[in-house]
1. Among the residues of the range 336-364, which ones are open to solvent by 10 Å² or more (accessible area, probe 1.4 Å) and in contact with a Gly (Cβ under 6 Å, 6 or more places away or on another chain)?
2. Whether any residue in the range 361-370 is within 22 Å of the chain's Cα centre (by Cα) and under 23 Å from THR159 (Cα atoms) is what I want to check.
3. In the range 198-213, what count of residues is obtained for those that are among the hydroxyl-bearing types (Ser, Thr, Tyr), open to solvent by 10 Å² or more (accessible area, probe 1.4 Å) and in contact with a Lys or Arg (Cβ under 9 Å, 6 or more places away or on another chain)?
4. For the range 428-469: of the residues being within 16 Å of ALA340 (Cα to Cα) and of a type in the set (Gly, Ala, Ser), which is surrounded by the most Cβ atoms within 10 Å (Cβ to Cβ)?
5. Just checking, how many residues over the range 136-154 are in contact with a strand residue (DSSP E or B) (Cβ under 6 Å, 6 or more places away or on another chain) and more than 23 Å from LEU123 (Cα to Cα)?
6. Among what's in the range 365-385 and is touching a Lys or Arg at 6+ places or on another chain (Cβ under 8 Å) and surrounded by fewer than 16 Cβ atoms within 10 Å (Cβ to Cβ), pick the residue that is farthest from VAL450 (Cα to Cα).
7. Would a scan of the range 52-65 turn up a residue that is within 19 Å of ILE253 (Cβ to Cβ), among the basic types (Lys, Arg) and touching a Pro at 6+ places or on another chain (Cβ under 9 Å)?
8. Filter the range 178-197 down to the residues that are modelled with pLDDT of 95 or more and buried (at least 19 other Cβ atoms within 10 Å of the Cβ) and list them by number.
Amino acid sequence: MRRALPQLRGLFGLVLIAADDPDKIIAVRNGPPLVVGMGEGEFIVASDIPAVLGHTRDVVFLGDQELAVITRTQVAFTDFAGSAVSKATQRIRWDPMLAEKAGHKHFMLKEIFEQPWAIQETLLGRMSEEQGEVRLGELDLSDDTLRAVDQVVILACGTSWIAGQVGKFLFEQIAGVRTDVDYGSEYRYRQPIADERTLALVITQSGETADTLASLREARSRGTPSIAICNVVGSMVTRVADAALYTHAGPEIGVASTKAFTSQLVALILLALHVGRVRGTVDTGDARRHIAALTQLPGLVQHTLGCDAAVASIAKRFYRRTDFLYLGRGINYPIALEGALKLKEISYIHAEGYPAGELKHGPIALIDENLPVVALAPGGPVFPKMMSNLEEVKARGGTVIVVTDTDPQAFSDLLDPGRDAVVPIPAAAPHLSPILSVVPLQLLAYHIGVLRGCDVDQPRNLAKSVTVE
């Protein structure tokens, strides 16, 4: 195996057994993740943690260009050249039951309904309302480093990139730091401008996304401090970044991210508050108000999940449509992107998310009686603007599905109960609105996917973690 490795090109993860030596397994990593479960009298090799949770919670993550030689009695870790490598065993906190469906028809539905718990776990032990402090003790990055930062660049892919778009609003509005969001797959190819005064914030559920890891390494090569928001303890991104903030959402089996996404948003709020406190842009009173709102969030998400039956009924009306348009404004514009992405992933229906202010700059040409428009219309300063957008849609014969925290009667003069629909959600602080708004969109995608006979847990052509470029 070691003689063959220098001849291999690209990224690969391999597990090999020789026909004439069946009591030995060789596991090789160069890119895609591999984990070795350390059981009692047994060792298990897998590409992800949930596969081994039924046997052991003690695991070792292979690093790039490392291999494990496994026999019935021991595991030896080396690099590709054969030199011994010292590896630490990680203890996984996840309950093995979290990797089961627990009575739900699909993992995706189970994980949607786990969001109140996942958010609570992400918040647990990290806030003091009395002192107005966010306590991120595991964040191994000094306050002086954070004070010196004059810009944040968020690097991610897929749904994590959309979480980063919400993070841009959070960091600029709460922490007062200029923030850009880049696709991990594009960042390293455009000669980015970054230095020691730039904070690279990478977001990845698995911690193994190849493009996100590559963008992190590119940023670090330019001297930037870095923080990873991740769900998997010990994953590659947490070993490459200077510091890690774990979401503690438990294993997410469904390919389409749900609870990992909302947990990432919670982690971003905590981090923005922490940076704001360190930099002096958030005073004690403001911090207390934010923290008080966060303590109510799990209950608000639980309340929001009560819309499931109503959303399932809406799905029955629209699951045969071929196109959807999602609209949002401000901090909820990224949620329009996420709603459209979920529908594409799960049901294979073409969908687009747009900032509502761009409606007249192109998408309005698509609107007719066959195009459902899903609109995020929370109360607040942009509500009149969203109402204007909905009037434009209705004037052109469009059908509207509104997600709102305002009184549904506010839409009674505009919408037709026979054609349109309103999904009410609880009111919340503006920075928490995206977390509540996304829940009905997750459920809508799920129910439409099921009605169309799609495999909502394992959609075609998709993988949970993209580990090769």
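1. Initially, the range 336-364 is screened for residues open to solvent by 10 Å² or more (accessible area, probe 1.4 Å), giving 337, 341, 344-345, 348, 350, 352-355, 357-358, 360-362, 364.
The one that is open to solvent by 10 Å² or more (accessible area, probe 1.4 Å) and in contact with a Gly (Cβ under 6 Å, 6 or more places away or on another chain): LEU337.
2. The initial filter retains those residues of the range 361-370 that are within 22 Å of the chain's Cα centre (by Cα), namely none.
No, the range 361-370 contains no residue that is within 22 Å of the chain's Cα centre (by Cα) and under 23 Å from THR159 (Cα atoms).
3. Within the range 198-213, the subset among the hydroxyl-bearing types (Ser, Thr, Tyr) is 198, 204, 206, 209, 212.
Remaining after also requiring open to solvent by 10 Å² or more (accessible area, probe 1.4 Å): 206, 209.
Those still in the list that are in contact with a Lys or Arg (Cβ under 9 Å, 6 or more places away or on another chain) too: 206.
Summing the residues that are among the hydroxyl-bearing types (Ser, Thr, Tyr), open to solvent by 10 Å² or more (accessible area, probe 1.4 Å) and in contact with a Lys or Arg (Cβ under 9 Å, 6 or more places away or on another chain) in the range 198-213 gives 1.
4. Result: ALA445.
5. Of the residues in the range 136-154, the ones in contact with a strand residue (DSSP E or B) (Cβ under 6 Å, 6 or more places away or on another chain) are 139-141, 149, 151-154.
Keeping just the survivors that are more than 23 Å from LEU123 (Cα to Cα) gives 149, 151, 153.
Adding up the residues that qualify gives 3.
6. We begin by selecting, within the range 365-385, every residue touching a Lys or Arg at 6+ places or on another chain (Cβ under 8 Å); these are 367-368, 370-372, 376, 382, 385.
Of the ones still in play, those that are also surrounded by fewer than 16 Cβ atoms within 10 Å (Cβ to Cβ) are 368, 370, 385.
On the way: ASP368: 26, ASN370: 21, LYS385: 34 Å.
Here the residue is LYS385.
7. Yes, the range 52-65 contains a residue that is within 19 Å of ILE253 (Cβ to Cβ), among the basic types (Lys, Arg) and touching a Pro at 6+ places or on another chain (Cβ under 9 Å).
8. Scanning the range 178-197 gives THR179, VAL181, ASP182.
The values are calculated or read from the model by the stated rules, or taken from the named source; none is laboratory data. Just so we're clear, the structure is a prediction, and the values are computed from it rather than from any experiment. Note: ideal-geometry Cβ built from the backbone for every residue, glycine included; neighbour counts use all protein chains shown. Note: accessible area is taken over every heavy atom of the protein model, side chains too, but ligands, DNA and RNA are not part of it. Shrake-Rupley method; radii C 1.70, N 1.55, O 1.52, S 1.80 Å.
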